[in-house]
Structures are given as C-alpha cells and as structure tokens.
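Notes to accompany the following structure.
The numbers here are math on the coordinates, done by the rules we state, and not lab data. All figures in this text were calculated on a predicted structure; none of them were measured in a lab. As a convention, Cβ positions derive from the backbone with ideal geometry for all residues, glycine included, and neighbour counts pool all protein chains shown.
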Amino acid sequence: MISADVFIWIKALSVIAVFSFFYRENIAYRFIEYTAVAGAVGVYTVNAIKRLWGSGLSPALSGDFLMIVPVLIGALLFFTFNKKYKWVTRYPLSIVIGIGFGLTLPVTIQKDFIGQIAGTILSITTADPLKNIGNIILITTVICVLYYFIFTREPSTMVESVVRKYARIAMMIGFAGLFAMDIMTRMASFLSILQFVVSNWLGLA
Amino acid sequence: MKEEITPDIWTRLYDIDHRIVYLITIIACAGVMIQPIGLPVKISPNTKTIYELIEAMPSGSLVHTDMIPEPANIADIGYGSADMISHLFRKGARIVFTTGVGTHGQSATPYGYDTILGWADLTGKKYGEDYVYLGFLGDSELAYATFARDPKGFGTTDYYGTPIDELPIMKDIKSYDDFYITACSHSGPELAGIIVPLYKKPFVTFTQSANVLTYLPYVPQLITAVAGGIRQAAEYELLLKKPSYGASAIDAQSIAALVVILFVLGGNIAYIVKRGEVEK
C-alpha cells in the first residue's frame, strides 16, 4: 500500500525530480540539486566550526591556553585574501606540509613500495597447482607492465613487442575491471533509491 | 519524389535513445524487486575471512571502527558495514567509532555513522558502554597517527559533547594495543598504513565496489581482508544466516549488470555491422 508518511512523500517526490534528469534537465531537478549542494555546504560549515570549538577554542577557554596556538597558526591562512601579507600563509602551509610529508613518507614507502614488492615475491611451487598458475600470471604481468613503462629505448625485438602487447592487454583488463566495479557502485546507489520507491513509498515489495 | 528508407534493426539499436536504456533498466530492476528470482550467491574468500575473524573474537573485545561513507556511496558500503557491525555486536564487541580521512570525511560526519548504525542491529546495546562515537578525527594521516598513539587523549569529548572520562567504554582504553581488531567502513590503506605496521592488528574493511580492486594489492600484507558492494553484503548476510537488504538487492543488481552487458554487446554489434556496411 502506498505510504501515508509526509516525509516519505517528500523524499519520493525529490527522487522523481532527480530521476527526471534522465529525460532532460528541468527546474525540478535543478531545485533538488541546489538544495543538496546548499545542505552539504551547511553541514560542512557547522562541522568545521564544531570541530574548531571542541578541539581548540573550548579547551583554550577552559585553561589549556596552549591549544590556542594551533588555532592561531591555522588562522594565518586567512592572509591569503590580502595581497600585501599573502606571504604569511607560507608559515602554516610549511608546518602542515612538513608534518604531513614526514609522517606519510615512511608509511608510503612501506605500503606502496616495499609492501607491493614483497607482495609480488610469490612461490610458484606450492601444493596447489591453480595457485601456482595464478602466481606465475601475477609475476609475469608485474614484470611485463613495469617493462612497458621503460621509455628510454624503442622496442626493436619480437620479444619486446610481445611483452609490451601483453602488458597493454593486462592493463586494459585491469582498467575494465575498475570501470565495471565503478558502474556497480553507481548501480548500488540507484538500486537503493529504487528500493525506497518500490518498497517504502509504493509498498509494492 | 524522395524515397523514404526504413532504418534496419542495427541502425535503430545504434541510434537508440538513451532514455529508452534508462527506462528498460528501471523496469527490469523494479520488476525483480517486486518479484525476486533468488539467484544463487557464492561466498568469496575475503568475506569469509572477515566473518571468521569476528567469529573468533573473544566477547567483550574492543574494536575500532573508522567510517567514511558519504551519500554518494552509502548504499554500496553501508549495508555490508551494517552487517559487519551487527555481527561484532552479536559477538559482544565494544566499538569505538570514528570518522576519518577521506575526501568528504568532515562533511560525512555524522552521516555515515548515523545511517549505518540505523541499519545495524543494536538490540540491547547502550551508548557509552557498548559503543561510542568520537566524531571526525581530521583530514590527514597525522590525525590517524595521533589518535592511534593516544585514543583516549585525542579529544576531550565524544561527538555529542560528553566528556571522555564519563564514558565507561573509554576507561578500558589506554593505547591502540587495547583494540582487538580494526574493522572499518570504507577506510583503507591510509589508516592501515598507520595502524598495521605499528600495532600489528588485523585490519578488515567493507568498502564500495569501485575501491575493492584498489585495496586488493594491500591484501594480506596490510589489509587482512576487504569486501565491498551489495554482492559481498549479500554474502555476509548468508554467513550470518540473516538475509537483509544485500540479499534482496543482489537480484536487482545482477539484472542491472545483465541489462548493461546486453546493451554494450548490442551497441558493439550494431557498430560493427554498420561499419561493415559503410566499408562495402
């Protein structure tokens, strides 16, 4: 049975307004779009103020005066709006970039470099023949794709051409997988809304 | 007089109006929602690993759950995450929720937490004792590192302004070592990169389908297991023997995928046929 809840009706009509974009852009779609953007900006602003108050200003007013220091350093970023004193923003930026870089560099080297190399060193003599085949394909593909990005010389031999072709096909398969998974993510959002329309609003399922 | 040429089926398919594609997709998906067909679901190793890790967890264990879903991907991430959180609670876990690094980390506070906990089973669970929400940590790895070093001293209050010292769950936390597992919603290598090398905790995450392939290279060195999307939410519900949204939506998603494949195939065949005709 169709819902009698006013809020479900408001949500359902908003959904229809958004779906109307499938037909063509219109004022109803634009109204919902602007409302969503305005709402998101509002939430973001309130959260930022709340965070600033909770972690900086409130402790500072309660006696922990040191907490005002990071707030003041952050506030220096507003000098970006003044042409004469714009250079002041370099100080907070250098602190943020310095700390961020120092902290993420070892982590990045570990997870994206050493970790990935370690993950590619696999046994090809396990008891499971299927696993061995999988590991051989993985190792071969990694080597071929890495070779593909060596641009210092023109591929001249037949083997080089085969390796590059294999690498290109492997990358295309990878990109296709990413694209397909992305479609599934968008589809999940669409299905969730459709489920709401079919079940909660129309009461058909 | 000019003779009117009737377009053949391939030309019609090639020039199909995109609105017809949308309409067919909507009708196909809605039809399956009204009349489910019950397609079989095979449980994948990653989903099983998450389930078994939580199943083996001692009752009363502390769990850190960082969640960064946003409105655009909540449907893909949320249901699986809610299933995982329900499972954690069923096994007697005490959970510390945070919202962390992410493009929309701050704007997603407390959206992801509110939505996912709204879908999870919280029967008999009390805020402050069984779970707590500390809010947004900060939009950089620095925030994660600071939180991991001192989860209790990171902030003075929870998200709702209650002082940390007044929350019973926080009394048992001295360092990140007190957590048994990190079970996240959408958070991935950024957090795992900070937590796992230092604290050697199992790290599992439920993310969106689009992210599964980008997280997989970190499995198992950094991330113990990654699951994502409606598909793996359905798998998790099967393992829990509690079918919910994932199980009901998987039919529709399979049909939607089938419709997309058929249109891609049809479009390509029409293109090849038309190209052949032009070459002739």
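Using unit Cβ charges (K, R positive; D, E negative) and no other charged atoms, how large, in debye to the nearest 20, is the dipole of the protein assembly as shown about its Cα centre?
Value, rounded to 20: 700 debye.
For region B:100-193, state which trypsin sites (Lys or Arg not before Pro) are in a DSSP loop and have at most 12 other beta carbons lying within 10 Å of their beta carbon.
B:LYS126, B:LYS174
Based on the alpha carbon coordinates of region A:16-105, what radius of gyration and maximum Cα-Cα distance (Dmax) apply, in Å?
20.2, 59
Just want the ordering: B:CYS184, A:CYS144, B:CYS29, from fewest to most Cβ atoms lying within 10 Å of their own Cβ.
Going from least to most buried by this count: A:CYS144, B:CYS29, B:CYS184.
Would you please name the GluC sites (Glu not before Pro) within region B:1-103 that are DSSP coil residues with at most 13 other C-beta atoms within 10 Å of their C-beta?
B:GLU3, B:GLU4
What ranking do B:MET57, A:MET187, A:MET158, B:MET67 get, fewest neighbouring Cβ atoms within 10 angstrom at the top?
Least to most surrounded, the residues fall as A:MET158, B:MET57, A:MET187, B:MET67.
How big is the C-alpha Rg of chain A next to the rule-of-thumb value 2.2 N^0.38 Å, as a ratio?
1.66
Provide the per-residue ³J(HN,Hα) series for region A:81-90, in order, calculated from phi with Karplus coefficients 6.51, -1.76, 1.60 and θ = phi - 60°, each as a whole number of Hz, with x at glycine and proline positions.
3J(HN,Hα) across region A:81-90, in whole Hz: 7, 10, 4, 5, 10, 4, 4, 4, 4, 5.
Between region B:19-54 and region B:64-99, what's the alpha-carbon centroid distance in Å?
Centre-to-centre distance over Cα atoms comes out at 20 Å.
For region B:1-69, just list the percent of Cα-Cα distances falling in each 5 Å bin from zero outward, please.
Distribution as computed: 3, 9, 8, 10, 10, 10, 11, 9, 8, 6, 4, 3, 3, 2, 1, 1, 0, 0 percent.
Please report, to two decimal places, log10 I(q)/I(0) for chain B at q = 0.08, 0.13, 0.15 Å⁻¹ as given by the Debye formula with identical point scatterers on the Cα atoms and no solvent.
-0.41, -0.85, -1.06
B:ASP158's amide H: which non-local residues (gap 5+, or another chain) put their own amide H closer than 5 Å, with H modeled 1.01 Å from N in plane and none for Pro or chain starts?
The answer is B:ILE164.
Under the rule of at least 5 residues apart or a separate chain, name every residue whose amide H is placed under 5 Å from the amide H of B:ILE95.
Under 5 Å from the amide H of B:ILE95: B:VAL63, B:TYR131, B:VAL132.
Using θ = phi - 60° and the Karplus curve 6.51 cos²θ - 1.76 cosθ + 1.60, what whole-Hz ³J(HN,Hα) does each residue of region B:51-64 get, with Gly and Pro shown as x?
4, 5, 4, 6, 4, 7, 6, x, 4, x, 5, 8, 10, 9
Please compute, for peptide A:43-51, the average count of beta-carbon atoms on other protein chains lying within 10 Å of each residue's beta-carbon.
Values: counts 7, 5, 2, 2, 11, 3, 0, 6, 7.
Across the residues of A:43-51, the mean count of other-chain Cβ atoms within 10 Å is 5.
Under 21 Å Cα to Cα from B:LYS201, which lysines show up? Leave out anything in the same chain fewer than 8 places away.
Cα-Cα hits under 21 Å: A:LYS111, B:LYS48, B:LYS91, B:LYS152, B:LYS171, B:LYS174.
Between B:ILE173, B:ILE27, B:ILE181, which gets the highest mean-square fluctuation from a Gaussian network model of chain B, Cα cutoff 10 Å?
B:ILE27
Counting DSSP beta bridges with both partners in the protein assembly as shown, what percentage is antiparallel, nearest 5?
If I count the DSSP bridges inside the protein assembly as shown, around 10 percent turn out antiparallel.
Per-residue Cβ counts within 10 Å, from other chains only, averaged over A:99-109: what number is that?
Mean shielding by partner chains, rounded to a whole number: 4.
If you build a Gaussian network model of chain B, linking Cα atoms that sit under 10 Å apart, which residue out of B:GLU141, B:GLU166, B:GLU237 swings the most?
Comparing B:GLU141, B:GLU166, B:GLU237 in the GNM, the peak value goes to B:GLU166.
For B:LYS274, give me every one of the lysines with a C-alpha distance below 25 angstrom, ignoring sequence neighbours fewer than eight places off in its own chain.
By straight Cα distance, B:LYS274 reaches B:LYS2.
With 10 Å bins from zero, work out the P(r) of region B:168-280 over every alpha carbon pair and list the percent per bin.
So the P(r) values, bin by bin, are 12, 27, 24, 18, 10, 6, 2, 1.
Along each principal axis of its Cα atoms, how long is region A:55-152 end to end? Whole angstroms, biggest number first, please.
Principal axes ranked by extent give 66, 40, 16 Å for the Cα atoms.
Taking amide H positions as placed 1.01 Å from N in the peptide plane, with prolines and chain starts having none, which residues 5 or more places from B:THR207, or on another chain, fall under 5 Å of its amide H?
For B:THR207, the qualifying residues are B:HIS186, B:ALA227, B:GLY228, B:GLY229.
Residue by residue, what Karplus-based ³J(HN,Hα) values in Hz, rounded to whole numbers, does region B:185-196 have, using 6.51, -1.76 and 1.60 with θ = phi - 60° and x for Gly and Pro?
Once θ is set to phi - 60°, the couplings for region B:185-196 become 10, 6, 5, x, x, 4, 6, 4, x, 8, 6, 5 Hz.
Could you give the Stokes-Einstein D for region B:22-134 in µm² per second, using the C-alpha Kirkwood radius, 20 °C, 1.002 mPa s?
134 µm²/s
Select from A:TYR44, A:VAL18, A:TYR85 the residue farthest towards the positive end of the dipole of region A:11-156; place +1 on Cβ of Lys and Arg, -1 on Cβ of Asp and Glu, and compute about the Cα centre.
A:TYR85
With angles folded into 0 to 90 degrees, how steeply does helix B:74-90 sit against the dominant principal axis of chain B? Use alpha carbons for both and round to 10.
Long axis of B:74-90 versus the principal axis of chain B: about 40 degrees.
From the Cα gyration tensor of region A:95-178, with a ≥ b ≥ c the square roots of its eigenvalues, which class applies: rounded if a/c is under 1.5, or else prolate if a/b is larger than b/c, or else oblate?
Oblate, since a/c reaches 1.5 and b/c is not below a/b.
With +1 on the Cβ of every Lys and Arg and -1 on the Cβ of every Asp and Glu, and nothing else charged, how large is the dipole of region B:65-181 about its Cα centre, in debye rounded to the nearest 20?
That gives region B:65-181 a dipole magnitude of about 280 debye.
In the protein assembly as shown, with Lys and Arg counted as +1 and Asp and Glu as -1 at Cβ, which of these residues, B:VAL63, B:LEU198, A:ILE121, has the Cα nearest the positive end of the dipole, that is, farthest along it?
Of the listed residues, the answer is A:ILE121.
Using a 10 Å cut-off on Cβ to Cβ distances, tally the other chain neighbours for every residue of B:109-118 and report the average as a whole number.
That average works out to 1.
Based on other C-beta atoms within 10 Å, arrange B:LEU240, B:LEU117, A:LEU13 from fewest to most.
Numbers: B:LEU240 18, B:LEU117 22, A:LEU13 13.
By the 10 Å Cβ count, ascending, the order reads A:LEU13, B:LEU240, B:LEU117.
Taking chain B as a Gaussian network, where each spring joins two C-alpha atoms under 10 Å apart, which residue of B:ASP130, B:ASP121, B:ASP172 fluctuates the most?
Ranking B:ASP130, B:ASP121, B:ASP172 by mean-square fluctuation puts B:ASP172 first.
How much mean residue ellipticity at 222 nm does chain B get from its helices, if each DSSP H run of length 4 or more adds -39500 (n - 2.57) and you divide by all residues, to the nearest 500 deg cm²/dmol?
Helix contribution divided over all residues of chain B: -15500 deg cm²/dmol.
Could you pull out the longest piece of chain A with no exposed loop trypsin sites (Lys or Arg not before Pro) in it, calling a site exposed if DSSP puts it outside H, G, I, E, B and it has at most 15 other Cβ atoms within 10 Å?
Formally, the longest exposed-site-free interval is A:85-152.
Take the Cα pairs of the protein assembly as shown, get the Kirkwood Rh, then feed it into Stokes-Einstein at 25 °C and 0.890 mPa s and tell me D in µm²/s.
95 µm²/s
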